[in-house]
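What follows is a single structure, written as structure tokens, with notes after it.
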Amino acid sequence: MKKYFIIRVINILITLFIIATATFFLMKQLPGSPFDEEKLSNLSEEQRMEFYARYGLDKPLSQQYVLYMKNLVQGDLGESFYFKGQDVSTLIKNRIGPSALLGVQAVLLGFTIGIILGIVAAFRHNTMWDFSAMIVAVLGVSIPNFVFAALLQYYVGLKLGILPVAFWESYSSSIMPTIALSLMVIALIARFTRNEMLEVLQQDYMLTAKAKGVPPFKIIYKHAIRNALIPVITILGPIVVSLLTGSLVIENIFGVPGIGSLFVDSIKVNDYTTIMGLTLFYSAFFVLTMLIIDLLYGVIDPRIRISGAKE
Amino acid sequence: MKNNEQLLNGELTDDLFEIAGRRAEDSEKIQRPPLSAFKDSWIRLRKNKGAIVSLIILVLILILAIFGPYMNEYKYYETDYSAAYQPPSSEHWLGTDKFGRDQWTRIWEGTRISLYIAVLAAFLDLLIGVTYGAVSALIGGKVDNAMQRVIEILVGIPNLIIIILLIMLMKPGILTITIAMVITGWVNMARLVRAQIFKLKEQEFVLASRSLGSTNKRLILHHLIPNTMGLIVINMMFTIPSAIFTEAFLSFIGLGLQEPLASLGVLINDGFQGMRNHFYLLLYPAIVIVGIMVSFNILADGLRDALDPKMRK
């Protein structure tokens with residue numbers, strides 16, 4: 001386990017290093033510049049050099065790269081090209097709040113509704129309940145998040161007018177983006193819970209529990225749900241991915257000042273340092289979550305631990 | 001009469017008996033036409049109503065994508081400012097957008113893009129993914145090790161990041177999306193195929209076939225490929241909707257196809273901007289993309305049940 005952990009961490013560092021290097025050189029290759037070329041050409045040669053020097057653009061590429069890496073290790077992502085005088089790390093820090101709030105809320109909502117749907121579907125297997133829950137699951141996986149978000153905003157925000165549209169003012173502003181973000185989570189969890197429950201319900205220990213007179217509610221709670229939910233870790237990966245992609249587009253649609261909308265906006269204005277910083281941030285978040293998921297997997301399912309030890 | 005005499009005499013000779021039913025050659029005869037694995041799956045798939053309805057919807061969408069743009073005289077880029085924001089009418093079946101472009105034509109042009117992406121995703125899965133996974137598993141050893149390191153790195157980076165970086169480097173457009181998919185689209189398939197072939201290689205029937213003198217070619221063509229086929233088809237069917245989603249998603253946030261080209265993502269973004277007063281601009285492209293996505297997903301589920309009965313729940 002320990003050896004596995006160390007190998008994984010080394011792998012992650014290599015991956016992040018490759019991403020950082022690739023991002024840096026890609027950005028240098030990019031056409032277009034974040035500066036107003038017209039105004040820049042009005043400056044004298046000296047002024048222009050000074051301007052470049054301020055962003056470290058006067059040095060040769062190799063030195064820029066070393067400097068960039070050195071700063072990166074210290075957690076300094078450089079200064080934003082677009083938001084003058086602001087550090088990218090500060091930008092991210094200031095805007096992570098709304099994104100984190102939406103992510104956590106979407107996970108909580110998604111798990112709650114998903115588990116309820118899954119349990120109902122499994123206990124009422126092959127009935128209308130089951131059928132409807134699975135329709136929700138298929139729709140949730142299939143409907144693109146931006147389509148759902150747009151329709152939600154039209155029907156709930158504009159037609160019913162009960163929730164604020166595209167403003168980040170009070171808590172109620174977070175309700176619609178949370179629902180939009182949780183759709184995929186609901187679908188994945190509902191389908192997963194149903195299938196696992198159907199499996200668990202056939203196990204002998206369920207019969208034993210019933211035979212020794214355990215009350216039905218306790219059987220469901222103590223034996224069925226607990227055992228059915230252990231392998232939920234297997235679908236945490238796709239859930240994290242859906243939240244990351246979802247944040248890019250849903251924050252834009254609902255005007256949430258989070259890192260997802262920051263990312264898309266910075267791409268549109270060629271804000272290179274911010275793009276680089278956010279790319280790294282997203283990648284690091286992604287690989288670390290995957291690591292945690294894999295470790296949890298080993299902790300919870302002993303079969304994997306044993307087969308891992310054999311290798 | 002001779003027989004009766006013999007019977008009366010109590011003599012039993014062979015010519016008294018005749019074969020009543022069971023014949024050696026009959027009992028071994030194949031009574032029904034042989035069912036190939038493909039036919040067997042098709043019979044199972046046909047019983048799945050949802051999958052068949054999805055298949056019909058997809059065929060309809062395909063037909064409309066091919067012929068839809070020719071059904072009226074408008075071109076998808078043709079602007080007519082005097083006819084901007086026309087609601088659906090007999091003139092413009094699904095209305096017109098802010099530049100007076102015919103929405104019906106644009107929607108089916110956009111659908112063509114989505115279907116192109118679908119074909120591309122399937123093709124890449126087969127061409128790169130299956131080959132990569134199979135080669136890695138069949139050769140094994142150091143080659144496998146090296147190939148797996150490459151995959152590990154690609155898996156470590158979120159797909160969307162690779163695609164976005166590439167789009168920044170190149171001009172946003174269908175070519176860039178295609179290249180991005182070439183880099184990222186096949187990884188999952190390669191991993192699955194490799195795992196499956198590794199598993200198969202260890203099984204007794206492969207050993208039996210090998211000890212009976214099968215060549216490698218025969219082993220691959222007759223044992224490994226047929227036993228991996230189901231997995232390949234199932235995974236391909238799930239890759240397709242996610243590829244279609246990725247393209248529409250990128251186009252929606254402005255990193256995919258650019259105006260005046262029409263992609264369902266571009267159209268939905270346009271519709272979203274103008275939905276307050278012109279909801280139909282959002283509604284129809286949304287219906288088409290949801291139709292495509294839901295149909296592909298249900299069909300994929302159906303195929304999984306049909307090809308791999310063990311996974312049926």
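The values are calculated or read from the model by the stated rules, or taken from the named source; none is laboratory data. Values in this document were obtained by computation on a predicted structure and should not be read as measured data. Every residue, glycine as well, gets a Cβ built from its backbone with ideal geometry; the counts of neighbours run over all protein chains shown. We work out accessible area using only protein heavy atoms, side chains counted, and drop any ligands, DNA or RNA first. Shrake-Rupley method; radii C 1.70, N 1.55, O 1.52, S 1.80 Å.
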Just for helices (runs of 4 or more DSSP H) wholly inside region A:187-288: which have at least 3 residues that are within 23 Å of the chain's Cα centre (by Cα)? A:236-253, A:259-268
Residue among B:Ile240, B:Ile292 that is open to solvent by less than 20 Å² (accessible area, probe 1.4 Å), touching a helix residue (DSSP H, G or I) at 6+ places or on another chain (Cβ under 9 Å) and more than 10 Å from chain A (Cβ to nearest Cβ): B:Ile240
What are the residues in region A:254-269 that are more than 22 Å from A:Ser172 (Cβ to Cβ) and open to solvent by 10 Å² or more (accessible area, probe 1.4 Å), if any? A:Asp265, A:Ile267, A:Lys268, A:Val269
Among the residues of region A:143-163, write down those that are without any contact (Cβ under 8 Å) to a residue 24 or more places away in the chain and surrounded by 22 or more Cβ atoms within 10 Å (Cβ to Cβ). A:Pro144, A:Val147
Considering only region B:207-220, I want to know if a residue exists there that is crowded, with 18+ Cβ neighbours inside 10 Å and either over 30 Å from B:Ile139 (Cα atoms) or without any contact (Cβ under 8 Å) to a residue 40 or more places away in the chain (or both). no
Would you mind stating whether B:Ala262 is in contact with a helix residue (DSSP H, G or I) (Cβ under 8 Å, 6 or more places away or on another chain) and part of a loop (DSSP other than H, G, I, E, B)? yes
Any residue that is surrounded by 21 or more Cβ atoms within 10 Å (Cβ to Cβ) and away from chain B (no Cβ under 14 Å) - is there at least one of those in region A:223-236? yes
Hey, can you tell me all the residues within region A:137-146 that are farther than 18 Å from A:Gly255 by Cβ and either at the interface with another protein chain (Cβ under 7 Å from one of its Cβ atoms) or of a type in the set (A, V, I, L, M, F, W, C) (or both)? A:Ala137, A:Val138, A:Leu139, A:Val141, A:Ser142, A:Ile143, A:Pro144
Taking region B:110-126 as the region of interest, how many residues are in contact (Cβ under 8 Å) with a residue 12 or more places away in the chain and out of contact with any Leu (no Cβ under 8 Å at 6 or more places or on another chain)? 10
Looking only at region B:80-100, count every residue that is open to solvent by 50 Å² or more (accessible area, probe 1.4 Å) and of a type in the set (Gly, Ala, Ser) and tell me the total. 2
Those residues of region A:164-182 which are open to solvent by 30 Å² or more (accessible area, probe 1.4 Å) and either assigned to a helix (DSSP H, G or I) or among the acidic types (Asp, Glu) (or both) amount to A:Glu169, A:Tyr171, A:Ser172, A:Ile175, A:Ile179
Hits in region B:254-265 (condition: over 17 Å from B:Val182 (Cβ atoms) and either open to solvent by less than 10 Å² (accessible area, probe 1.4 Å) or of a type in the set (Ser, Thr, Tyr) (or both)): B:Leu257, B:Ala262, B:Ser263, B:Leu264, B:Gly265
Tell me, yes or no, whether region A:67-86 has at least one residue that is modelled with pLDDT under 85, open to solvent by less than 40 Å² (accessible area, probe 1.4 Å) and at positive phi. yes
The number of residues in region A:46-75 that are under 15 Å from A:Thr21 (Cα atoms) and either under 24 Å from the mean Cα position of the chain (by Cα) or hydrophobic (A, V, I, L, M, F, W, C) (or both) is 6
Is at least one residue of region B:152-173 of a type in the set (A, V, I, L, M) and more than 12 Å from chain A (Cβ to nearest Cβ)? no
